[in-house]
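The values are calculated or read from the model by the stated rules, or taken from the named source; none is laboratory data. Quick caveat: nothing in here was measured; it's all calculated off a predicted structure. Ideal geometry is used to build each Cβ from the backbone, glycine not excepted, and the neighbour counts take in all protein chains shown.
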Amino acid sequence: RKEVEQDPGPFNVPEGATVAFNCTYSNSASQSFFWYRQDCRKEPKLLMSVYSSGNEDGRFTAQLNRASQYISLLIRDSKLSDSATYLCVVSERGYNKLIFGAGTRLAVHP
Amino acid sequence: ETGVTQTPRHLVMGMTNKKSLKCEQHLGHNAMYWYKQSAKKPLELMFVYSLEERVENNSVPSRFSPECPNSSHLFLHLHTLQPEDSALYLCASSQPGTGQNEQFFGPGTRLTVL
């Protein structure tokens, strides 16, 4: 079983749509959770951390369900510039090692 | 952004060549990482250096040899590579112990082995 699993997509959505990505992780000891964004042929960049209580940053909302070992990312009012690959990332407490999912590709069209 | 820089950005080499990838971070971090990203696969952690000491080697073949001369610089020395080693090699840095595990990535070196 993969340590972090994501639907690879692609998700093709029109501008203005709401889209949700899901991710599951296998290690119950995981303590930190993130969504990174990677544009085509570019490096990954942190989009947002994911907290137990859920958190929101503008149009982006992240949720964590520790019991189900499940993380989600919701994007509202999609923009063309949101087109990218979204990487689900987990790490253990006090440890630098990040485990990356293979990513979910999003394509927003006019 | 120039927080983490990598050179060269592109590299084509034969299987018998020796080359080195360079990474430099200007963020004052004390941990640095090498990752490999192949097409349609997750980023694979190769090496972790913390305070210039290697703390993780993820079963990477010996044809990849890392070097961390100081906390700002990281090298990946390559020799006798195979075509399947063609990939994007990403360097990252972080500041552990601050409660944030965020890693900052360089732009990567796209390597092609002929």
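Give the residues of segment A:54-105 that are touching a Pro at 6+ places or on another chain (Cβ under 9 Å) and aromatic (Phe, Trp, Tyr), sorted by residue number. Passing the criteria: A:95, A:100. Taking the listed residues A:66, A:76, the one that is surrounded by fewer than 21 Cβ atoms within 10 Å (Cβ to Cβ), more than 14 Å from every other protein chain (Cβ to nearest Cβ) and at pLDDT 95 or above is A:76, with no other qualifying. Of the set (1) buried (at least 21 other Cβ atoms within 10 Å of the Cβ); (2) aliphatic (A, V, I, L, M); (3) over 28 Å from residue B:33 (Cα atoms), all apply to residue A:50 but (3). For segment B:13-66, enumerate the residues that are in contact (Cβ under 8 Å) with a residue 40 or more places away in the chain, more than 28 Å from residue A:8 (Cα to Cα) and of a type in the set (D, E, K, R). If the condition is that a residue be in contact (Cβ under 8 Å) with a residue 40 or more places away in the chain, more than 28 Å from residue A:8 (Cα to Cα) and of a type in the set (D, E, K, R), then B:18, B:19, B:22, B:24 are the ones that fit.
Residue by residue through segment B:45-70, note down the ones that are within 14 Å of chain A (Cβ to nearest Cβ), of a type in the set (Ser, Thr, Tyr) and either in a loop (DSSP other than H, G, I, E, B) or loosely packed, with under 12 Cβ neighbours inside 10 Å (or both). Within segment B:45-70, B:59 is the sole residue that qualifies. Residues in segment A:31-47 that are part of a strand (DSSP E or B) and either away from chain B (no Cβ under 14 Å) or not aromatic (Phe, Trp, Tyr) (or both) were compared, and the one that is surrounded by the most Cβ atoms within 10 Å (Cβ to Cβ) is A:44.
Can you pull out the residues in segment B:88-114 that are modelled with pLDDT under 95, at the interface with chain A (Cβ under 7 Å from one of its Cβ atoms) and assigned to a loop (DSSP other than H, G, I, E, B)? Correct list: B:96, B:101, B:102, B:103.
If a residue must be under 14 Å from the mean Cα position of the chain (by Cα) and either within 14 Å of chain B (Cβ to nearest Cβ) or at pLDDT below 95 (or both), how many such residues does segment A:92-110 contain? First the steps, then the outcome.
Step one: list which residues in segment A:92-110 are under 14 Å from the mean Cα position of the chain (by Cα), which gives A:98-106.
Among the residues that remain, those that are also either within 14 Å of chain B (Cβ to nearest Cβ) or at pLDDT below 95 (or both) are: A:98-105.
Matching residues across segment A:92-110 total 8.
I need the full set of residues from segment B:1-29 which are surrounded by fewer than 17 Cβ atoms within 10 Å (Cβ to Cβ) and not in a strand (DSSP E or B), in order please. Those that are surrounded by fewer than 17 Cβ atoms within 10 Å (Cβ to Cβ) and not in a strand (DSSP E or B): B:1, B:2, B:3, B:8, B:9, B:14, B:15, B:16, B:17, B:26, B:27, B:28.
One residue is enough: does segment A:19-30 have a residue meeting the conditions of a type outside the set (Val, Ile, Thr), surrounded by fewer than 21 Cβ atoms within 10 Å (Cβ to Cβ), without any contact (Cβ under 8 Å) to a residue 24 or more places away in the chain and touching an Asp or Glu at 6+ places or on another chain (Cβ under 7 Å)? No; the residues of segment A:19-30 include none that is of a type outside the set (Val, Ile, Thr), surrounded by fewer than 21 Cβ atoms within 10 Å (Cβ to Cβ), without any contact (Cβ under 8 Å) to a residue 24 or more places away in the chain and touching an Asp or Glu at 6+ places or on another chain (Cβ under 7 Å).
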